[in-house]
Amino acid sequence: MYFPLQEIEAAKLNVDDPQHLRIHSLETFGTHDGPGIRMVIFVQGCQFRCLYCQNPDTLNVKGGTMVEIDELVKRAVRQKTYFGKEGGVTVSGGEPLLQRSKLTTFFKALHEQDINTCLDTNGRLNNKEVHELLEHTDLVLLDVKHINDAIHHKLTGLTNRNTLALAEYRESTGKPMWLRYVLVPGWTDQEEYIEEWGRTFTNYKSVERVEIIPFHQLGLHKWELLKMDYPLKDTPSPSDELKQMTFSIFNKYFDNVILK
Ligand code: SF4
């Protein structure tokens, strides 16, 4: 693959400045990642290698720009009037948990300014530092990419065990979470596994919403620009029939299912 894993090891040494976050980009009026109008910060670096990744330019843990946490807080405060009652700041990626301790500092500072915090994560890590971050996270958006571990591994390069453990942990705290499911023809469209996904989380009281995100080809040009081999370049978007089937299954298990 394009990004060797040892690159991730080496880069850990490089991301230790506690006052800076490694950022890919920033969106000022985001409406897709959490409730209301949000400032969305896309952090740089991810250990998953999802075949369908729409942001392959965020994967390299050595890339991006180091931005001072104070500067990000100031930006959020300047934008606060637009957030209204529901909005706030979302940190997405890449994978935010790779910068968990710094994000705890960031979220604490946002809370001091009375700004809502939201974390969009693949749940790659589940440890004490992550739990501390989650304490300061008003809403978790958790991507559970496949319920079957063997398929999850083929799809993302890694196990789903930590993701499922993190879901359980969030449930144990009683704090809110939205679950997300990317619907990809040929990869995440197996009826029996969508059922299993639903059964796994149906009794979770913390799950306020389930979002189905249909696969699309909008990230194709990024794979091409990076000269990476895009394994799903010929995969179509899900048909209306597949979207409806998935929606109907999830609807049996959850009160609030959104097809995006
Ligand atoms: S977790 Fe997100 S950023 Fe990481 S590879 Fe998967 S889709 Fe891309």
What number do you get for the chain when its Cα radius of gyration is normalised by 2.2 N^0.38 Å, N = residues? 0.97
In whole Å, what is the distance between the alpha-carbon centres of the stretch 112-145 and the stretch 28-91? 13 Å
When the chain is treated as a GNM, springs tying every alpha-carbon pair under 10 Å, which of Val89, Val73, Val140 comes out with the largest mean-square fluctuation? Val73
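Sorted by accessible area with a 1.4 angstrom probe, largest first, how do Met39, Met66 fall? Intermediate results must be reported in sequence, preceding the final value.
Numbers: Met39 0, Met66 70 Å².
Ranked list, largest accessible area first: Met66, Met39.
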Can you list residues from other chains, or at least 5 along the same chain, whose modelled amide H is less than 5 Å from the amide H of Gly87? Ile37
Short version: ³J(HN,Hα) in whole Hz for each residue of the stretch 26-35, in order, from phi by Karplus 6.51 cos²θ - 1.76 cosθ + 1.60 (θ = phi - 60°), x for Gly and Pro, what are they? 9, 10, 8, 10, x, 10, 9, 10, x, x
HN-Hα J in Hz across the stretch 236-249 - Karplus 6.51, -1.76, 1.60, θ = phi - 60°, x for Gly and Pro: x, 5, x, 5, 4, 5, 5, 4, 5, 4, 5, 4, 5, 5
Can you tell which of Val182, Gln217, Pro18 lies farthest toward the positive end of the dipole of the chain, using +1 and -1 charges on the Cβ of basic and acidic side chains (Lys, Arg; Asp, Glu)? Pro18
What is the extension gain from Asp229 to Thr202, computed as 0.36 nm multiplied by their sequence separation minus the C-alpha to C-alpha distance, in nm to one decimal? 6.0 nm
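Can you send over the carbon and sulfur percentage of the accessible area for the chain, probe radius 1.4 Å, protein chains only? Walk me through the intermediate numbers first.
Details: 6080 of 12190 Å².
Roughly 50 percent of what the probe reaches on the chain is carbon or sulfur.
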If you build a Gaussian network model of the chain, linking Cα atoms that sit under 10 Å apart, which residue out of Leu158, Leu134, Leu103 swings the most? Leu158
Under a point-charge model restricted to the Cβ atoms of Lys and Arg (+1) and Asp and Glu (-1), what is the dipole moment magnitude of the stretch 106-260 relative to its Cα centre, in debye to the nearest 20? 220 debye
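Over the chain, with the other protein chains present, what is the accessible area per residue in square angstrom, probe 1.4 angstrom? If you can, show how the numbers build up before the last one.
Details: 12190 Å² over 260 residues.
Spelled out: the 1.4 Å probe surface of the chain, per residue, equals 47 Å².
From the helices alone, meaning DSSP H stretches of at least four residues, give me the mean residue ellipticity at 222 nm for the chain, per-run term -39500 (n - 2.57), in deg cm²/dmol to the nearest 500. Please report the intermediate quantities before stating the final value.
Numbers: 9 runs with 96 residues, N = 260.
About -11000 deg cm²/dmol.
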Please name which of Ile194, Gln113, Ala167 has its Cα lying farthest along the dipole of the chain towards the positive end, using unit charges on Cβ (Lys, Arg +1; Asp, Glu -1) and the Cα centre as origin. Gln113
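Rank Ile37, Ile151 by accessible area, highest first, at a 1.4 Å probe radius?
Ranking Ile37, Ile151 by accessible area, largest first, yields Ile37, Ile151.
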Which sequence of Leu218, Leu232 reflects their accessible areas, 1.4 Å probe, from the largest down? Leu218, Leu232
Please state the charge dipole magnitude for the chain, taken about the Cα centre, from unit charges on C-beta atoms (+1 on K and R, -1 on D and E), reported in debye and rounded to the nearest 20. 320 debye
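With a sphere of radius 12 Å drawn around the Cβ of Thr159, what net charge do the other residues whose Cβ falls strictly inside it have (Lys, Arg +1; Asp, Glu -1)?
Values: positive: Arg124, Lys145, Lys154, Arg161; negative: Asp149.
Residues close to Thr159 contribute a combined charge of +3.
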Sum up the charges of everything whose Cβ sits under 12 Å from the Cβ of Arg38, counting Lys and Arg as +1 and Asp and Glu as -1, but leave Arg38 out. -4
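Calculate how many DSSP beta bridges within the stretch 100-199 are antiparallel, expressed in % of all such bridges and rounded to the nearest 5.
Numbers: 0 of 8 bridges.
Restricted to the stretch 100-199, the bridges split so that about 0 percent are antiparallel.
Which FRET efficiency value, to the nearest 0.05, is calculated for Tyr193 and Leu220 with the Förster distance at 25 angstrom and r the Cβ-Cβ distance? Show your work: numbers first, answer last.
Working: r = 26 Å, r/R0 = 1.03.
The value I calculate is 0.45.
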Just how much of Val182 is accessible, in Å², when a 1.4 Å probe is used and the result is rounded to the nearest 10? 20 Å²
Antiparallel %, DSSP beta bridges [both residues in the chain], to 5: 25 percent
Sorted by packing (mean other beta-carbon atoms within 10 Å per residue), highest first, where do 92-102, 76-86, 195-205 land? 92-102, 195-205, 76-86
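The values are calculated or read from the model by the stated rules, or taken from the named source; none is laboratory data. Source: prediction; values computed, not measured. Cβ sites come from the backbone with ideal geometry, for glycine too, and all protein chains shown count toward neighbours. With ligands, DNA and RNA removed, areas are computed over all heavy atoms of the protein, side chains included. Shrake-Rupley method; radii C 1.70, N 1.55, O 1.52, S 1.80 Å.
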